[in-house]
Amino acid sequence: MGEPLHTVLVERLGCRWPIVQTAMGWVAEPSLVVASSNAGAFGFLGAAVMTPPEAREKLLAVRRGTDRPFGVNFHMFQPGASAIVDLIVANKDQVRAVSFGRGPDAAMIGRFRDAGILCIPTVGAVKHAHKMAKLGVDMITVQGGEGGGHTGSVPTTVLLPQVLDTVRLPVIASGGFADGRGLAAALAYGAVGIAMGTRFLLTQESPVPASTKAAYLDATTDGIVVTTKLDGIPQRMVRSRAMDRIERSGPWSMWLRALESGRRMKAQTGASWPDMLRSARGMTAHGAMPLKQAIMAANTPMLIQRAMVHGDIEHGVMATGTVGGRIDDLPTCQALVDRVVAEAHDRLAALAA
């Protein structure tokens with residue numbers, strides 16, 4: 001028998017194992033991308049929260065740390081998006097894929113294809129999978145409701161087979177995966193691999209401060225909640241004092257937080273207020289998001305940054321998948337990937353027997 005973990009994902013992305021490290025803002029930094037890629041997974045750099053100069057610097061840092069192929073995450077509505085696309089194409093010799101949610105149109109996808117770069121959007125609904133397939137993407141990551149951050153209501157065990165039954169593209173399973181049993185289950189459904197976010201966040205090479213990691217490890221499944229108070233769209237977070245305060249706040253408090261976060265983002269990115277307004281309108285037009293929600297969406301990245309970068313869990317928020325409630329260790333990326341692969345081999349062998 002051949003290697004059961006040698007899937008289309010492995011062949012097309014050039015990694016050793018069908019495991020993807022997802023592009024979490026301020027978490028999927030060079031240290032994590034290098035470690036996950038060198039361990040045999042496929043790492044994504046989280047450039048959606050970077051300015052073009054930051055993206056250039058961090059792309060070079062990944063290239064210095066690994067000769068393995070890796071991916072870059074971005075969205076078309078961030079300030080400087082066109083410059084980041086140019087950077088991705090300029091590094092096509094090692095950047096094998098791009099990921100996005102609300103992302104490029106067919107022309108942009110064609111540009112990536114011409115450069116030999118695979119487009120792998122993340123979707124949380126069947127209709128979005130159909131739309132991405134029509135635009136000509138190469139693979140689709142399906143994130144079920146168990147996923148962290150913005151999330152839908154359909155569990156992975158329902159959404160994954162729905163998409164597999166209706167879209168004739170390789171599908172990567174995401175939302176609720178942390179070990180080899182999950183990888184074996186995803187392959188049994190017909191997926192070509194799994195994508196993990198929270199599990200890679202809780203590794204030694206993750207740049208998240210130790211105090212924030214400790215708060216994640218303390219969280220139980222009962223302590224993980226879904227809120228709409230950040231930007232009006234359901235998001236899955238670790239319950240904390242900051243989240244409790246946000247849950248109790250009214251609409252005026254939400255607007256004030258959004259405006260303050262918008263001011264901070266403007267200072268970080270160098271974008272003008274008209275640029276940010278155009279970005280918000282772009283989100284509205286593409287994602288059917290009311291303008292009020294689009295403006296408030298600036299709030300969440302800044303709150304996440306407080307916890308993920310500064311370790312301020314009193315005033316920041318921590319996005320997590322439901323699976324975070326059962327993670328209790330901080331392995332290296334190499335130890336994690338080795339363990340997932342060994343568990344998957346064991347489960348697949350047991351099923352074959």
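Evaluate E = 1/(1 + (r/R0)^6) for residue 57 and residue 339, where r is the Cβ-Cβ distance and R0 equals 35 Å; express this FRET efficiency to the nearest 0.05.
0.60
Using the Karplus equation 6.51 cos²θ - 1.76 cosθ + 1.60 (θ = phi - 60°), what ³J(HN,Hα) coupling, rounded to whole Hz, does each residue of the range 3-10 give in order, writing x for Gly and Pro?
For the range 3-10, the Karplus-derived couplings read 6, x, 8, 8, 9, 4, 4, 4 Hz, x marking Gly and Pro.
Taking amide H atoms as placed 1.01 Å from N in the peptide plane, list the residues 5 or more away in sequence, or in a different chain, whose amide H sits under 5 Å from that of residue 150.
Correct list: 236.
Expressed in nm to one decimal, what extension gain is obtained for the pair residue 329 and residue 82 from 0.36 nm per residue of sequence separation less their Cα-Cα distance? Could you put the intermediate results ahead of the total?
Working: separation 247, 0.36 × 247 = 88.92 nm, distance 3.92 nm.
Separation in residues times 0.36 nm, less the Cα-Cα distance, equals 85.0 nm.
Average the reciprocal distances over every distinct pair of alpha-carbons in the range 1-120, invert the result, and give the Kirkwood radius in Å.
Details: mean 1/r = 0.0705 Å⁻¹.
For the range 1-120, inverting the mean 1/r across all distinct Cα pairs yields 14.2 Å.
Sorting check: for 213-221, 89-97, 306-314, which peptide has the highest mean count of neighbouring beta carbons within 10 Å, and how do the rest follow? Walk me through the intermediate numbers first.
Numbers: 213-221: 15.1, 89-97: 16.8, 306-314: 19.3.
Per-residue Cβ counts within 10 Å, averaged per peptide and sorted highest first, yield 306-314, 89-97, 213-221.
Under the Kirkwood approximation for Rh and a Cα-based Rg, what ratio Rg/Rh is obtained for the range 105-193? Could the numbers behind the result be given before it?
Details: Rg = 13.1 Å, Rh = 13.3 Å.
Rg/Rh for the range 105-193 comes to 0.98.
Given a 1.4 angstrom probe, what's the average accessible area per residue across the range 1-73, in square angstrom?
Values: 2730 Å² over 73 residues.
Accessible area per residue: 37 Å².
So which aspartates and glutamates pass the test for residue 92, namely a Cα distance under 20 Å, with those fewer than 8 places away in the same chain ruled out?
11, 29, 54, 57, 67, 105, 114, 138
Grab the other residues whose beta carbon is less than 10 angstrom from that of residue 182, score K and R as +1, D and E as -1, and report the net.
Values: positive: 181, 199, 347; negative: 179, 343.
Within the 10 Å Cβ shell, the charges total +1.
Give me the one-decimal nm value for the distance between modelled label points at residue 166 and residue 217, 7 Å along each residue's Cα-to-Cβ direction.
Result for the modelled spin labels: 4.2 nm.
With label points built 7 Å along Cα→Cβ from the Cα atoms of residue 350 and residue 227, find their separation and express it in nm.
For residue 350 paired with residue 227, the spin-label model returns 3.8 nm.
Listed highest first by mean packing, meaning other Cβ atoms within 10 Å per residue, what order do 343-352, 318-327, 151-160 come in?
Descending mean neighbour count gives 318-327, 151-160, 343-352.
Once you have the alpha carbon radius of gyration of the range 176-230, what is it after dividing by 2.2 N^0.38 Å, with N set to its residue count?
Details: Rg = 14.1 Å, N = 55, 2.2 N^0.38 = 10.1 Å.
Its radius of gyration relative to the 2.2 N^0.38 Å reference: 1.40.
Summing Lys, Arg as +1 and Asp, Glu as -1, what charge do residues with Cβ under 12 Å from the Cβ of residue 339 carry, residue 339 excluded? The partial results should precede the final answer.
Details: positive: 181, 199; negative: 179, 329, 338, 343, 346.
Residues near residue 339 contribute -3 overall.
Could you calculate the FRET efficiency of residue 249 with residue 312 from 1/(1 + (r/R0)^6), where r is the beta carbon distance between them and R0 is 30 Å, rounded to 0.05? Working shown, then result.
Values: r = 18 Å, r/R0 = 0.60.
The computed FRET efficiency comes out at 0.95.
The values are calculated or read from the model by the stated rules, or taken from the named source; none is laboratory data. Since the structure is predicted, the reported quantities are computational estimates derived from the model, not experimental observations. Glycine also receives a Cβ, built like all others from the backbone with ideal geometry; neighbour counts cover every protein chain displayed. Keep in mind that these areas ignore ligands, DNA and RNA; they rest on the heavy atoms of the full protein, side chains included. Shrake-Rupley method; radii C 1.70, N 1.55, O 1.52, S 1.80 Å.
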